[in-house]
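The values are calculated or read from the model by the stated rules, or taken from the named source; none is laboratory data. What you see is a predicted model, and the numbers here were worked out from it, not measured in a lab. All Cβ positions, glycine included, derive from the backbone under ideal geometry; neighbour counts span all protein chains shown. Heavy atoms of the whole protein, side chains included, go into the accessibility calculation; ligands, DNA and RNA do not. Shrake-Rupley method; radii C 1.70, N 1.55, O 1.52, S 1.80 Å.
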Amino acid sequence: MQGNKEIKTLIVEPTNHCNLRCAGCFNNSGMTRPRGFINIYLVKKLLDECTNLSKIIFHNWGEPFLWPEIFDAVEYASKKGIGEIYISTNATLFNEAMIDKIDNSGITVLQFSIDGVRKTYENIRGFPYKKVKQNILEFLEINAMSPHKKEIWISVCLDETTYREMENIRLEWEGLVDRVKYQPRQYEVPGKIEKPCKWILGEKFAQGVVLWDGRVTVCCSDFNGELCIGDANRNTLKEILNSDQMEMLRHAHLTYQFPVRCKTCSEFRRGKDAGDFWK
């Protein structure tokens, strides 16, 4: 057991509930684990334990703003001095009150997750594109004048359909946001794996994903929690991410004895890892 790796980055899943049923998303098709919301006291426990945390990501599988205590969690993280607080949202729940709360919160990076424009978006997400665009533009107007200005990203999952829309997406949002991020859509596709996953190896620091029920997995692509290595309700995150169970998983990757979940991960098959998407 390596035993001493500090935790610098943490993904916390506020909920795996989502108000959309997007085509191609594992939340809508494939996820079999129970649905729920994380306990705010667990979030505070994690933040109290992880004293060297520099980045926290408050989203995983679900819409973060469905969790009633999301702003309490962001405020607690901000008071802990965490410099980078990320949230990704589908922007469908925005109204004047929520925009005001987001504006006055400690969120540093707000990512709007959309797939295409107009009809392409609507076919995938089942929500009016005109409305979601209006929600984002209203926030951008407030953000431009805010003393608490956020960095704004547009995130697009690329597949055969949305790939053809890349230029339209760029034209739609370039100059309005700080970054347009293209991320390959995840699939379960068995295939040859070229190398061990850096996210699991944690070459410099331990990194983990805390699901809403407190179970800890090692990768955001693990949508059903098949790679869970502990429970943050029972142990500290540092104990879990430096445990014998975690070390066995690292060893499996180093010796190319990959778990089934890793073998079928399309991101892994392409040689990608979570670090490629969070720079």
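Brief remarks follow.
- Leading residue by the ranking (surrounded by the most Cβ atoms within 10 Å (Cβ to Cβ)) among those in the range 89-132 that are closer than 29 Å to Glu160 by Cα and of a type in the set (Lys, Arg): Arg125
- Sole exception among (1) touching a residue at least 60 places away in the same chain (Cβ under 8 Å); (2) within 18 Å of the chain's Cα centre (by Cα); (3) in a loop (DSSP other than H, G, I, E, B) for Ile107, by number: (1)
- Of residues in the range 110-132 being in a loop (DSSP other than H, G, I, E, B) and not charged (D, E, K, R), the one modelled with the lowest pLDDT: Gly116
- Residues (of a type in the set (Val, Ile, Thr), in a helix (DSSP H, G or I) and open to solvent by less than 20 Å² (accessible area, probe 1.4 Å)) located in the range 226-263: Ile240
- Number of positions in the range 41-58 that are modelled with pLDDT of 90 or more and closer than 29 Å to Ile114 by Cβ: 5
- If you go through the range 170-187 and keep only what is open to solvent by 40 Å² or more (accessible area, probe 1.4 Å) and part of a loop (DSSP other than H, G, I, E, B), you end up with Gly175, Leu176, Asp178, Tyr187.
Yes/no per residue for (1) closer than 18 Å to Pro64 by Cβ; (2) among the hydroxyl-bearing types (Ser, Thr, Tyr); (3) open to solvent by 30 Å² or more (accessible area, probe 1.4 Å); (4) not in a strand (DSSP E or B):
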| site | (1), (2), (3), (4) |
| --- | --- |
| Ile87 | yes, no, no, no |
| Gln134 | no, no, yes, yes |
| Glu138 | no, no, yes, yes |
| Ile142 | no, no, yes, yes |
| Pro147 | no, no, yes, yes |
| Cys157 | yes, no, yes, no |
| Asn168 | no, no, yes, yes |
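- All positions within the range 114-160 that are under 19 Å from Lys181 (Cα atoms), touching a helix residue (DSSP H, G or I) at 6+ places or on another chain (Cβ under 7 Å), hydroxyl-bearing (Ser, Thr, Tyr) and in contact (Cβ under 8 Å) with a residue 24 or more places away in the chain: Thr120
- When residues of the range 34-85 are limited to those that are out of contact with any strand residue (DSSP E or B) (no Cβ under 9 Å at 6 or more places or on another chain) and in contact (Cβ under 8 Å) with a residue 40 or more places away in the chain, the one surrounded by the most Cβ atoms within 10 Å (Cβ to Cβ): Lys45
- Subset of the range 5-25 (residues that are surrounded by fewer than 19 Cβ atoms within 10 Å (Cβ to Cβ) and part of a strand (DSSP E or B)): Lys8
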